[in-house]
Amino acid sequence: MMPVDPGERAAMAAEYVIGTLPVAELADFEHALARDFELQREVYYWQDKLLPMTRMLKPEEPAAAVWTRIERSVTQQRQNASRSSPQAPWWQGLTFWRSGAFAASLLALVLAVQLLGPGRTPTTESARYYAVLQSPDNNSAGWIVEAAAGGKLRLIPLGTTTVAPQKALQFWTKPQGASGPTSLGLVPPDRVTEILVASLPALEREQLFELTLEPATGSPIGRPTGPILFVGRTVAMAAN
Amino acid sequence: MTTDANELPLDFEAALLRCAQGDHFALRAIYERERRWLMATVLRLVRRRELAEEILHDAFLQIWTKAGTYNPRLGSARGWIYTVVRHRALNALRSAKNSPEREDERYDELIAAHADWHAEDPSAEQRALAQCLERLEEQRRQSVLLAFVDGYSHEQVAAQLGAPLGTVKSWIRRGLIALKECLS
């Protein structure tokens, strides 16, 4: 069982990074880590703070064969992956987001966001983008993405997305012309997530954003493996 | 294989994100820049060259497959990479009969030598960490270093320092809390 006390949880994150978290507590911790932003923040804090210690040791040269083996394994793994999923990736064949229903609800929601957004007046120099993420099943809107160039992206839930146990929501984006989606990390199903626009591969109109259902620790292969729960593309809004 | 290109600074964050998109070259770039330091870290943990190389291989496969879970807004890609690699090594240490023979570990010189830490020019972060480690109480510092650098479990630290398990647990925990206070 994970403690509830934030100090205890932070201490566990530190011990997780240095490696003294008892094996018996590891599974629970990793399960919690996959869905708890605060824990993730602690883990990233410690791994960065302790990083200089890795420079205390005298460097050692691994055998040249190590890279050859890594390369072989990576290639093999990729071949296995493409054999088991022969279909074209979802982002190449997707058409539902072009539907009229989508466009109409997008406009309505964008207007709603603009009217309701409390005091978030866009600065004149920054382009703003919105996307409504809809369920591919019934076109219902579940999330809104709003982002200002050079600022923050906000992923706003319109309700609570139900996530099965041992699963997590992973947020992805794919600019037009990119070869595949980029992960923006796991996100909580019921809260606003903020991301620095600087950490996105790009921010432009018609950029795809989506949420997929993934294992609790995220997709193991760096691209979506689970069903798309919500997806949408950005529109640019004039400042003001 | 050390070429000049490999000495140029690498944008690890971008490289890791490119790994998530299936770019082999990005993985290779990370390997070329970091392999000697990663090898040193793993070798220190498991003490056997062959096992260390096996772990390096497995860890890089893991970096490749898990790159998509790295979150650039929370921290550096190198920090993330070292956690993957260290955990892989610790996993091997804890699970199998891989526990190496230990001699008495001496850290004083390790820390004192921070002036010539094997970086060309110790960064502000390196200096800060070294100073904060020096400021820790002796036993707390020993415990944290035995755990982090040598991968000792609570039990192994207790055996090494001849202290009760509960005491060692609190040395480590308090040591980390004090370290965080000092670093912030």
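The values are calculated or read from the model by the stated rules, or taken from the named source; none is laboratory data. Just so you know, these numbers come straight off a predicted model, no measurement behind them. Glycine also receives a Cβ, built like all others from the backbone with ideal geometry; neighbour counts cover every protein chain displayed.
When we screen A:Ala202, A:Ala198, A:Ala147 for residues that are in a helix (DSSP H, G or I) and either in contact with a helix residue (DSSP H, G or I) (Cβ under 6 Å, 6 or more places away or on another chain) or closer than 21 Å to B:Arg73 by Cβ (or both), the only hit is A:Ala198. Here A:Leu21 fulfils each of the conditions (1) more than 26 Å from B:Leu133 (Cα to Cα); (2) modelled with pLDDT of 90 or more; (3) more than 9 Å from chain B (Cβ to nearest Cβ) apart from (1). Just one of the listed residues (B:Leu51, B:Leu43, B:Leu74) is over 12 Å from the mean Cα position of the chain (by Cα), at the interface with another protein chain (Cβ under 7 Å from one of its Cβ atoms) and either hydrophobic (A, V, I, L, M, F, W, C) or part of a helix (DSSP H, G or I) (or both), namely B:Leu74.
Table: residues versus (1) free of Cβ contacts under 8 Å to residues at least 40 places away in the same chain; (2) assigned by TED's automatic domain parsing to the domain that holds A:Ala32; (3) closer than 22 Å to A:Ala127 by Cβ.
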site	(1), (2), (3)
A:Gly151	no, no, yes
A:Thr160	yes, no, no
A:Glu204	no, no, yes
A:Ala216	no, no, no
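Within segment A:34-57, which residues are more than 7 Å from chain B (Cβ to nearest Cβ) and crowded, with 21+ Cβ neighbours inside 10 Å? Hits for segment A:34-57 are A:Leu39, A:Glu42, A:Val43, A:Trp46. Of all residues in segment B:145-168, which are part of a helix (DSSP H, G or I), touching a Ser or Thr at 6+ places or on another chain (Cβ under 9 Å) and surrounded by 18 or more Cβ atoms within 10 Å (Cβ to Cβ)? B:Ala147, B:Phe148, B:Val149, B:His154, B:Gln156, B:Val157, B:Ala158, B:Val168, listed by residue number.
Tell me the residue from B:Gln139, B:Gln160 that is at pLDDT below 90 and more than 8 Å from chain A (Cβ to nearest Cβ), please. First the steps, then the outcome.
Values: B:Gln139 fails: at pLDDT below 90.
Exactly one of B:Gln139, B:Gln160 is at pLDDT below 90 and more than 8 Å from chain A (Cβ to nearest Cβ), namely B:Gln160.
Scoring A:Asp190 on the criteria (1) in contact with a Leu (Cβ under 7 Å, 6 or more places away or on another chain); (2) within 28 Å of A:Glu30 (Cβ to Cβ) leaves a single failure, condition (1).
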